[in-house]
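Working notes, beginning with the structure itself.
Rule-based calculations on the coordinates, nothing more; no lab input. Computed from a prediction, not measured in an experiment: that's the story for all the values here. So basically every Cβ, Gly included, is an ideal-geometry build from the backbone, and we count neighbours across all protein chains shown.
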Amino acid sequence: MHSLGRHILVEFFGCSSEILNDVPYIENSMRRAAQEAGATLISSVFHHFSPFGVSGVVVIQESHLAIHTWPEYRYAAVDLFTCGHAVNPWVSYNILKQAFQADHGSAIELNRGALELLEKSEVDLGELRDQVTQKLVEPKFSRSVWFTDRDENIALSIRHKGDRVFREKSPYQTVEIFDTYAYGKMLTVDNVVMCTEKDENAYHEMIVHVPMLLNPDIRRVLVIGGGDGGSVREILRHPQVEAVTMVEIDEVVVRASRQYLPSLSHALDDPKLNLIIGDGIRFMQAAASEAYDLIVIDSSDPVGPSEGLFSPSFYEQAHRCLKPGGVMTAQSESPRFNHAAFVDLVQCLRSIFGRDYVHCYLAFIPTYPTGMWSFTYSSKGGADPIRGFDRKRAAAFAAQENLQYYNADIHPAAFCLPTFVKNMLNG
Ligand code: SPD
């Protein structure tokens, strides 16, 4: 070899789109490709770019392997750069071509640092080498694999342990669970964070206890969505509740949650719960009028199977199914991240329930992009969410149930909106 290193610039065409969007699989393939070529692993960093694409680097003692994928074009660009004689980058090439199920690959090899063009320094590096050598320890491989929830301008990345805990494509969406360092197990749907073990209580306590602590007579509850079980768990903390019906369209979400998120899903086995796997929109159309004291819309974002849960016809039906004085809470997206969906939903609810009966409130959810999340409280001519609030009762309940987010101070405070959010809703 007449150069310091060999650099192979690779293009893989006609790969499996699914594989090219799968961070743990790509990371593991790249690590294997490095090891089987004879390299020593030092570190890896991999990112997912929602909804499509993975970028990552495996740092090896002999240089690096890097990748960027375009699943929508079934294409991956890969750099294989190795130094020294011990590592053969063509071994990595063959492993990756097979791993990505590429129809074909093309590659050019460059010699990096051609020795005839280099002159070795006469500077005595001996002292420097000695110092460094003294500090050297056996390389310890470290992984840095990231899940990213993003739109074209804003992203939130969460580091996870790299190996997939759960992944299944249902007829509706791809359901995955990752084991994250900061937030425990994390449920995602089509590459969007649904909840994590560590901060799900903010979402579920706020969507449930705000209406329930205002209305002590809530006995019959309907949940649309909520397949992870968090909302049902919170509802069943209230002993006066007689019956809960939950309609979740995707059985895979329920199964994944039962298996890997027991702290959320344990309430799904409660005898008061009637769990229906089915379409919430159809269920609501067929449900009896004035059947429920509380309806909770615990949906994912307004794309895919949840799109219809953001439509006026759905909320007209929900209004019909509420008893007089009954309440509906809905997750209503992030004012910053999903501005249009947030404003449209609040306006839609105002047109159905009446402007004075729709109130927006906020909670801080660190694992949703921007952290700021909104809910709407809409009543069928019922209690005002602040004037009707029994502070003492809320404080006693929060303490007795050891709630982690909801408390008697946060209840009224959550309805105080920043000026820019007020302006969005009044514009
Ligand atoms: N952007 C994600 C919004 C998800 C809201 N629903 C979460 C379901 C938790 N039960």
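Each of the peptides 24-34, 389-399 was scored by the mean count of other Cβ atoms within 10 Å over its residues; in descending order, highest first, they stand as 24-34, 389-399.
Note on the chain: semi-axes of the ellipsoid equivalent to its C-alpha gyration tensor, largest first and rounded to whole Å, are 52, 22, 19. The label point for residue 123 and the one for residue 400, both projected 7 Å from the Cα toward the Cβ, are 7.4 nm apart.
For the listed peptides 351-363, 176-188, 227-239, a ranking on the average number of other beta carbons within 10 Å per residue, highest first, reads 227-239, 176-188, 351-363.
Peptides 168-174, 200-206 ranked from most to least packed give 200-206, 168-174, packing being the mean of other C-beta atoms within 10 angstrom over each peptide's residues. Since only 63, 332, 377 are under comparison, the one whose Cα sits farthest along the positive direction of the charge dipole of the chain, derived from C-beta charges on Lys, Arg, Asp and Glu, is 377. Available extension along the chain between residue 313 and residue 277 is 10.8 nm, counting 0.36 nm per residue and deducting the alpha carbon span. Here the residues 7, 339, ranked from fewest to most Cβ neighbours within 10 Å of their Cβ, fall in the order 339, 7. The slack between residue 426 and residue 219, meaning 0.36 nm per residue of separation minus the straight C-alpha distance, is 71.1 nm.
Each Lys or Arg adds one and each Asp or Glu takes one away; over the other residues whose Cβ falls under 15 Å from the Cβ of residue 73, this sums to -3. Each of residue 161 and residue 407 was given a label point 7 Å from its Cα along the Cα-to-Cβ line. The distance between the two points is 3.2 nm.
When its C-alpha radius of gyration is set against 2.2 N^0.38 Å (N residues), the stretch 197-426 gives a value of 0.92.
Taken along the Cα-to-beta-carbon direction at a fixed 7 Å, the label points for residue 391 and residue 240 span 2.1 nm.
Charges were assigned to the Cβ only: +1 to each Lys and Arg, -1 to each Asp and Glu. The resulting dipole of the chain about its Cα centre is roughly 900 debye.
For the pair residue 416 and residue 288 in one chain, pulling the backbone fully straight at 0.36 nm per residue adds 42.6 nm over the alpha carbon distance. In the chain, the DSSP-assigned H stretches of four residues or longer account for a calculated mean residue ellipticity at 222 nm of -8500 deg cm²/dmol, using -39500 (n - 2.57) per stretch and the full residue count as denominator. Place +1 on the Cβ of every Lys and Arg and -1 on the Cβ of every Asp and Glu in the stretch 3-130, take the dipole about the Cα centre, and give the residue among 90, 117, 26 whose Cα lies farthest towards its positive end. Sorting the options by dipole projection puts first 26. Charging the Cβ of each Asp and Glu at -1 and of each Lys and Arg at +1, and nothing else, the dipole of the stretch 197-426 about its Cα centre rounds to 600 debye. With r as the distance between the Cβ atoms of residue 198 and residue 114 and R0 = 60 Å, compute the FRET efficiency 1/(1 + (r/R0)^6) and round to 0.05. Efficiency computed from Cβ-Cβ geometry: 0.70.
A simple charge model with +1 on the Cβ of Lys and Arg, -1 on the Cβ of Asp and Glu and nothing else charged puts the dipole of the stretch 3-130 at about 340 debye relative to its Cα centre.
Total lysine pairs in the chain at Cα distances under 21 Å, for residues eight or more apart or on different chains: 7. In the stretch 3-130, the alpha-carbon atoms span a convex hull of 113 Å³ per residue.
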